[in-house]
Structures are given as C-alpha cells and as structure tokens.
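The values are calculated or read from the model by the stated rules, or taken from the named source; none is laboratory data. Worth saying up front: this structure is predicted, and the values here are computed from it rather than measured. Note: ideal-geometry Cβ built from the backbone for every residue, glycine included; neighbour counts use all protein chains shown.
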Amino acid sequence: MVVEQEMASIYPPEAEDLSSYLPEIDCGACGFGSCVEFAEAVLTQKLAPHNCPELPADLANVMASIVKMNKDPIPYNIMMEQTDCRLIEIGSPGADDPLLITCNFRGTVHIIQTIFEQTASHAFLLPIFTHGYSVDNAVAERLFKAIDVWKSMQENAVEMKISRPTLIIPGLAESQKNAIRQLTRWEVVVGPVSGFLLPLFVMKNKMESLS
Ligand code: SF4
C-alpha cells in the first residue's frame, strides 16, 4: 500500500497579498485593469514587476526575487525539528533594522533566512521557544506566547544591538500582539501571513518611515 506523504503549507503569497506592495492606483499603465491582475501575472511569472512604471526599483527587484523562489510545501516528517532560540543576523543588519520574531521550528527559520538572503535583505531574526511547532500550529496550540518572546529577547540582549524598539510578529500570531507589547514594552507590528512577503513588508515600512 502506498502511503501518501502529508505536506504542510508554507503560505505562498496570493495576488491580493502581493498587490498591497504595488502602488494600488489601478492606473492601467502596465496593460492590466488593476494592480491585482498585474500581481497575478507577476506571480505566475508572465511579467516582471519592473513592468509597473509606478513601482520603485528597489521594491521591484525584491519582488522579482521572491516570485522566483521555490514555494513547495514542507513534508510533515521534518516538522517539529527545533532550532536554538538565538538571535540570527541575516545579511549585515544595522541598529535600525527590524527584529523579526518567529517560531523555533527549524524549517521556518531556514525558509525566512533563505528568503532574506535571496532578496539581499537585512534583518535580525529571533526564534522563540514553541516546542518546534511552526507558527500556525504553535498559535493553534497556544504555544506562541508573549512570555517566550520576552525570554528570547532577554537571553539575547537584543536591546544592545537594536536601537529602534520595534518588533515584527508573524501575521498568523496577530492575536498575541497586545500581550507581547505589554510584556516587552516594544512597539509590535503585525507582519504578513506569508513569510515570502516579509522583505517587501520591511522595505515598505522603512520607506514610509523615511518619507
Ligand atoms: S502600472 Fe502599476 S500601479 Fe498601474 S495598474 Fe499596473 S500595477 Fe497598478
């Protein structure tokens, strides 16, 4: 008897998600009636993001790298492999680069690192103890907890490296936002559900804070 391999989703972005990083003015200059339609063409690699004349080149470059990445689901049999809750520096982050919070499932940490490396983005990534559960499962099992965010931050002395007291939590962990803010006293920003969109999210936030 053939036993089918069960797979876990890694939340690849959909057209509506990607279009929120486009200008969202539906000007039609790309030949499509809306930014969402253009995003669909980008996701299916029919067109490069650079075909939107309104999109800043930096965002277009990151978007182009993201759509080319492998987004295959992860086999269940490698789920639950844990990684240390040590602060990871991806690229060469500066003191004003963001602190990203994630679970301590090795597969998730590896994917986020790969996404940032392949888009030449910089960030601090901090896994918290979730018993090796991925973010969705940890949230469902109530194992994505503010106390573990606080513990990882303390153990890694993040305030010594990061000047802006702002952290980004996964979109799937939004329910923990207030608890994390109250315990850490840091500003908590809810990131996208799809980790693939994190570099765009970080870059867009940075651009908005500078403008
Ligand atoms: S050119 Fe850009 S802003 Fe205009 S509709 Fe196309 S994607 Fe949207």
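Can you find a residue in region 189-203 that is outside any helix (DSSP H, G or I) and over 18 Å from Ile112 (Cβ atoms)?
So the first thing to find is which residues in region 189-203 are outside any helix (DSSP H, G or I), and the list is 189-194.
Imposing the further condition that a residue be over 18 Å from Ile112 (Cβ atoms) reduces the set to none.
The answer is no; no qualifying residue exists.
Is at least one residue of region 36-57 over 22 Å from Thr108 (Cβ atoms), touching a residue at least 60 places away in the same chain (Cβ under 8 Å) and not in a helix (DSSP H, G or I)? Walk me through how you get there before you give the answer.
Quick first cut of region 36-57, residues over 22 Å from Thr108 (Cβ atoms) only: 36-42, 44-57.
So of that shortlist, the ones also touching a residue at least 60 places away in the same chain (Cβ under 8 Å) come out as 56.
In the following step, the residues that additionally are not in a helix (DSSP H, G or I) were identified as 56.
Yes.
Cβ contacts < 8 Å: first residue without any contact (Cβ under 8 Å) to a residue 60 or more places away in the chain and crowded, with 18+ Cβ neighbours inside 10 Å, restricted to region 9-33; second residue assigned to a loop (DSSP other than H, G, I, E, B) and acidic (Asp, Glu), any location; separation 6+ or different chain. Result?
Cβ pairs passing all conditions: Leu22/Glu54.
Just name the residue that is farthest from the ligand (Cβ to nearest atom) out of those in region 9-39 that are touching a Gly at 6+ places or on another chain (Cβ under 8 Å) and modelled with pLDDT under 95.
Filtering region 9-39 for residues that are touching a Gly at 6+ places or on another chain (Cβ under 8 Å) and modelled with pLDDT under 95, the one farthest from the ligand (Cβ to nearest atom) comes out as Ile10.
Looking at region 168-185 only, could you name the residues that are closer than 24 Å to Gln82 by Cβ and in a loop (DSSP other than H, G, I, E, B)? Outline the logic, then answer.
Restricting attention to region 168-185, the residues satisfying the condition of being closer than 24 Å to Gln82 by Cβ are 168-176, 179-180, 183-184.
Across region 168-185, the qualifying residue is only Pro170.
If Asp58 satisfies all but one of (1) buried (at least 20 other Cβ atoms within 10 Å of the Cβ); (2) within 16 Å of the ligand (Cβ to nearest atom); (3) of a type in the set (D, E, K, R), what's the number of the condition it fails?
Answer for Asp58: the failing condition is (1).
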